[in-house]
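Peer 1: Have a look at the structure that comes next, please.
The values are calculated or read from the model by the stated rules, or taken from the named source; none is laboratory data. Owing to the predicted nature of the structure, the values given are computational and were not obtained by experimental measurement. Please note: Cβ atoms are built from the backbone with ideal geometry, for glycine as well, and neighbour counts cover all protein chains shown.
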Amino acid sequence: MLALALALAPAAVIADGGSERAWRALKAGEILPLTRILEVVHRDFAGDVIEVELERSDGRWIYEIKLLSTKGAVIELDYDARDARLLRTKGSGVGAARRSNR
């Protein structure tokens, strides 16, 4: 698990305990490294990432990101781990955290 966390980023948590499976998915190109996902998050939203989880759900890897917005709201962002597509947002501060250049 330590090797995977270091490869993805220090804040990564594998929610289902499948760190070996996630490592293989990363090496096989099935998921993007966390650093790439974080680039997308910071491009699209203003705030600080406070938690990251990588989960497998319905055959899809999903990065679940919690962001503390600059206004103090905690928002949740789900990204497809394969292509960094934003799948879901949750929280009352999502609109205010979204960067206007998007």
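Peer 1: Of everything in the range 65-94 that's among the hydrophobic types (A, V, I, L, M, F, W, C) and not in a strand (DSSP E or B), which residue is farthest from I37 (Cα to Cα)?
Peer 2: Our first condition is that a residue be among the hydrophobic types (A, V, I, L, M, F, W, C); within the range 65-94, this holds for 65, 67-68, 73-75, 77, 81, 84, 86-87, 94.
With the extra rule that they be not in a strand (DSSP E or B), the set shrinks to 73, 81, 84, 94.
On the way: A73: 20, A81: 8, A84: 6, V94: 17 Å.
If we take residues in the range 65-94 being among the hydrophobic types (A, V, I, L, M, F, W, C) and not in a strand (DSSP E or B), then A73 is farthest from I37 (Cα to Cα).
Peer 1: Of the conditions (1) modelled with pLDDT of 95 or more; (2) under 13 Å from the mean Cα position of the chain (by Cα), E55 satisfies every one except a single condition; which number is it?
Peer 2: Of (1) modelled with pLDDT of 95 or more; (2) under 13 Å from the mean Cα position of the chain (by Cα), only one is false for E55: (1).
Peer 1: When D48 is evaluated against the numbered criteria (1) surrounded by 13 or more Cβ atoms within 10 Å (Cβ to Cβ); (2) at pLDDT 95 or above, which criterion, by number, is the only one it fails?
Peer 2: (1)
Peer 1: Between a residue in the range 64-89 that is without any contact (Cβ under 8 Å) to a residue 40 or more places away in the chain and any residue that is of a type in the set (K, R), which pairs come within a Cβ distance under 7 Å, given they are 6 or more apart or on different chains?
Peer 2: V74/K66; I75/K90; E76/K66; E76/K90; D78/R88; D80/R60
Peer 1: Turning to a different aspect of this structure: Would you check if there is a residue in the range 58-71 being touching a Gly at 6+ places or on another chain (Cβ under 6 Å), of a type in the set (A, V, I, L, M, F, W, C) and buried (at least 17 other Cβ atoms within 10 Å of the Cβ)? Before the answer, list the steps.
Peer 2: Of all residues in the range 58-71, those touching a Gly at 6+ places or on another chain (Cβ under 6 Å) come to 67-71.
Imposing the further condition that a residue be of a type in the set (A, V, I, L, M, F, W, C) reduces the set to 67-68.
With the extra rule that they be buried (at least 17 other Cβ atoms within 10 Å of the Cβ), the set shrinks to 67.
Looking for residues that are touching a Gly at 6+ places or on another chain (Cβ under 6 Å), of a type in the set (A, V, I, L, M, F, W, C) and buried (at least 17 other Cβ atoms within 10 Å of the Cβ), one finds at least one in the range 58-71, hence yes.
Peer 1: Kindly indicate whether any position in the range 32-39 is surrounded by 16 or more Cβ atoms within 10 Å (Cβ to Cβ), at pLDDT below 95 and either closer than 18 Å to S19 by Cβ or touching a Phe, Trp or Tyr at 6+ places or on another chain (Cβ under 9 Å) (or both).
Peer 2: yes
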